[in-house]
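Down below is the structure, laid out as structure tokens.
Each reported figure results from applying straightforward, stated rules to the coordinates on display, with no laboratory input. Please read all numbers here as calculations on a predicted model, not as lab measurements. Reconstructed Cβ throughout: ideal geometry from the backbone, glycine too, with neighbour counts over all protein chains shown.
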Amino acid sequence: MKRLSGEISEEEKAHLVSEAKRQSIKQVAVIRSLIQKDMKSKCNVKINRLYMKYHNLRRDNLELTIQSFRNLKHNWDSYGAAPISQNTISKAIEYLSDLSDDEWSVVPVCDGSIQFELSQDGFDIEILIIESKVIGDI
């Protein structure tokens with residue numbers, strides 16, 4: 001029988017405490033889930049930003065390397081190598097956007113061309129740019 005004085009029985013107290021704990025556990029689980037989703041989302045955004053920064057940095061480095069080939073004069077390799085023409089440099093920079101996101105290297109070649117190289121999984125890919133021609137396209 002309930003008391004009229006507003007007091008509750010020990011059994012009711014235990015039930016209320018148990019219910020409060022259960023609700024708290026549910027709330028904590030929901031909050032934890034929301035935090036994990038938010039952290040994952042923020043983490044994915046940061047990873048995407050870092051990837052884009054790294055991706056752009058690699059592209060920028062390749063472009064800077066290609067642009068540095070302008071400084072190569074006749075006989076730059078001491079074996080009579082031809083200088084790299086502005087047309088070849090421009091075409092190589094233009095071609096950068098066609099390359100995959102892999103770790104490409106770029107080197108000048110003694111005939112005045114520019115070569116992109118990729119070694120991956122036992123395969124070597126070489127793409128030669130000379131004047132406005134692309135040889136060995138991917």
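Sequence gap at least 6, Cα distance under 8 Å: using those rules, report the relative contact order of segment 66-117 to the nearest whole percent.
RCO, segment 66-117: 35 percent.
Over the Cα atoms of segment 57-138, what is the Rg over Rh ratio if Rh follows Kirkwood?
0.96
Among His74, His15, what is the fewest-to-most ranking by other Cβ atoms within 10 Å?
Ascending Cβ contact count within 10 Å gives the list His74, His15.
Going by average Cβ neighbours within 10 Å, how do the peptides 126-136, 81-91 rank, with the highest at the top? Mind dumping the intermediate values first?
Details: 126-136: 15.5, 81-91: 17.7.
Answer by packing, highest mean first, reads 81-91, 126-136.
Once phi is turned into ³J(HN,Hα) by the Karplus curve 6.51 cos²θ - 1.76 cosθ + 1.60 with θ = phi - 60°, what whole-Hz value does each residue of segment 65-79 show in order, with x for glycine and proline?
Residue by residue, segment 65-79 yields 4, 4, 4, 5, 5, 4, 7, 7, 8, 3, 6, 4, 9, 6, 10 Hz.
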